[in-house]
Each structure stands twice: as C-alpha cells, then as structure tokens.
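> Quick one: this structure, given as structure tokens, is what I'll be asking you about.
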Amino acid sequence: MKHILLTGSSRGIGAAALSELTARGAKVVGHATRASESAIGADFTDPGAAQALWDAALDQAGGEIDVLVNNAGLFEANPLDSSDIAWLDSWEDTLRINLTAAAQLSRFAVRHWQQRGAGGRIIHVASRAGHRGDSPAHWHYAAAKGGMLAMHKTIARAYANEGIFSFAIAPGFTDTAMAGDYLESRGGDGLLKDIPLGKVAEPEEIARIITFCALDAPASMTGAVIDANGASYVR
C-alpha cells in the first residue's frame, strides 16, 4: 500500500485525485486550508504551515510517505493597476501557496526518502501557464508555475540515482471552481475557440494522470512534463 500526501484535496482536481488514488488502494493523507474529517488543515500563506502539514501527515501515515502530490494552488487576478502594496501582497501569497510551499514539502520528502534509504515520487500539478505565460492579471500565477516546472526538472536530475522520481503535469483550462471565474472573464464559451479539442479538461482526466504518475509511470519517465490542454499549446 502506498502512502500518499495530496495537497489541495478538498475540491476540483485534488478531490478527483483523492477518489482515484483511494480506489487504487493507496492510503491518501489529504490537505486543505481548513481542517476537515478527510483533510489536515494548513494555510500555506503561513511560512510554518508546510512543515506542520508534513509532520502531521507523516504521523498519520505511520512514519512513511511514499508519494507527494503538490496540487494545492491559488488562482486570483492581480491587476496591474492595483495599489503597490495590494499587487505585492497578491504576488507573495500566490508564490508562497503555488511554489514555496511545494518546494518546502518537496524538500521534506526528498530528505525523508534519503534518510530511510528508499525512493519516492513527487508529482507537481503545474500549468500550461508555466510554458506560455498567462493573462496580464496573472503574472504571479505564470511565474509560480514556471518555477514549479524548473524545480521539478532539478529534482528529477538531482536524485534519480537514489530512486527519487519527479513528474509534472501541465493542464490547460480545467473545469474547476478555481478556473471558473477566469474562464468567464476571458469570454466563457468563446475561449473554447482556442482549444482544438473543443472543451476544457475535466478534473477526473487530470486525476487519472496524477494516479498514473504516482503508481504506474516507469522510472525512465522521471523529469517528464505531461501536457493536458486539448492541444491549445503544443511544444
């Protein structure tokens, strides 16, 4: 049985991944900003939250975590004409939640696997924005996801010979609550004209990719970035 720490498990892609991984027999420790029966609470705007989450998850998993899924994210507009302090606050919150907390958890995971002398896997849920950028109000989101992709590649190259593997997923628009306001602001159904597939991804589609990376992907795939954007951005 694999023990998996899944951040952002209360809704959208995270909730779908929780269901998919559990159905495959994994023991999943969930996370949300606020604690619930199925999730440990940790607000990643607090610099100490990632450490507290890791320690609590490790205890709940009986001292061993095999897979980390960095899925938690914040997607809020940050208009260029905001006040200086509001723009900076939004930038720092988005970077801390989307990138810094993921980096902290990845560090704890790598050290945990090194100390126990066994490998592990990290799955980073990034974004198409990490490749192609995003809207003028989302500099911070694109920067965070681009940073996540660079971090993922660094981890993959640094620790593959220790059996520590890293995978990244770069979804395009996905039908989640987080993306709903953005889709509407960018034209709603008109946005689909930019997606050759003609529809945005469903959370369950991304969840299946997470599950594949967590449980099935061959070791030689470490370092890979899997795009899931309906051919709206191809590399």
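The values are calculated or read from the model by the stated rules, or taken from the named source; none is laboratory data. Computed from a prediction, not measured in an experiment: that's the story for all the values here. Don't worry about glycine lacking a Cβ; one is built from the backbone with ideal geometry, like all the others, and counts go over all protein chains shown. Areas reflect the complete protein model, heavy atoms only, side chains present, ligands, DNA and RNA absent. Shrake-Rupley method; radii C 1.70, N 1.55, O 1.52, S 1.80 Å.
> From the helices alone, meaning DSSP H stretches of at least four residues, give me the mean residue ellipticity at 222 nm for the chain, per-run term -39500 (n - 2.57), in deg cm²/dmol to the nearest 500. Each step should come with its number before you reach the end.
Working: 8 runs with 95 residues, N = 235.
Computed ellipticity for the chain at 222 nm equals -12500 deg cm²/dmol.
> Could you sort 54-64, 203-213, 77-87, 129-139 so that the peptide with the highest average Cβ count within 10 Å comes first and the rest follow in order? Intermediate values should be presented prior to the final figure.
Details: 54-64: 15.3, 203-213: 20.4, 77-87: 11.4, 129-139: 17.5.
Sorting 54-64, 203-213, 77-87, 129-139 by mean packing, highest first, produces 203-213, 129-139, 54-64, 77-87.
> Please state the Cα pair-distance histogram of the chain with 10 angstrom bins from zero: what percent is in each bin?
8, 34, 38, 17, 3, 0
> Report the extension gain between D89 and M221 in nm, rounded to one decimal, defined as 0.36 nm multiplied by the number of residues separating them, less their alpha carbon distance. Present the calculation step by step, with values, prior to reporting the outcome.
Values: separation 132, 0.36 × 132 = 47.52 nm, distance 3.70 nm.
Separation in residues times 0.36 nm, less the Cα-Cα distance, equals 43.8 nm.
> Determine the share of the chain's accessible area contributed by carbon and sulfur atoms, expressed in whole percent, with a 1.4 angstrom probe.
Numbers: 5430 of 10900 Å².
C and S atoms contribute 50 percent here.
> Over the chain, give the accessible area per residue in Å² for a 1.4 Å probe, as an integer. Don't skip to the answer; put the middle values down first.
Values: 10900 Å² over 235 residues.
For the chain, the solvent-accessible area averages 46 Å² per residue.
> Report the gain in length on full extension from D81 to K199: 0.36 nm times residue separation, minus Cα-Cα distance, nm rounded to one decimal.
Values: separation 118, 0.36 × 118 = 42.48 nm, distance 3.20 nm.
Length difference between fully extended and current span is 39.3 nm.
> Using the Cβ atoms and a cut-off under 14 Å, what net charge is assigned to the surroundings of I209, where Lys and Arg are +1 and Asp and Glu are -1?
My count for the surroundings of I209 gives -2.
> Go ahead and run the numbers for FRET between A118 and R235, Cβ-Cβ distance against an R0 of 45 Å, rounding to 0.05.
On the way: r = 33 Å, r/R0 = 0.74.
It comes out at approximately 0.85.
> I would also like to ask the following. With θ set to phi - 60°, apply the Karplus curve 6.51 cos²θ - 1.76 cosθ + 1.60 along the stretch 59-69 and write out the HN-Hα couplings as whole Hz, x wherever there is a Gly or Pro.
My calculation for the stretch 59-69 gives 5, 5, 8, x, x, 9, 10, 9, 9, 10, 10 Hz in order.
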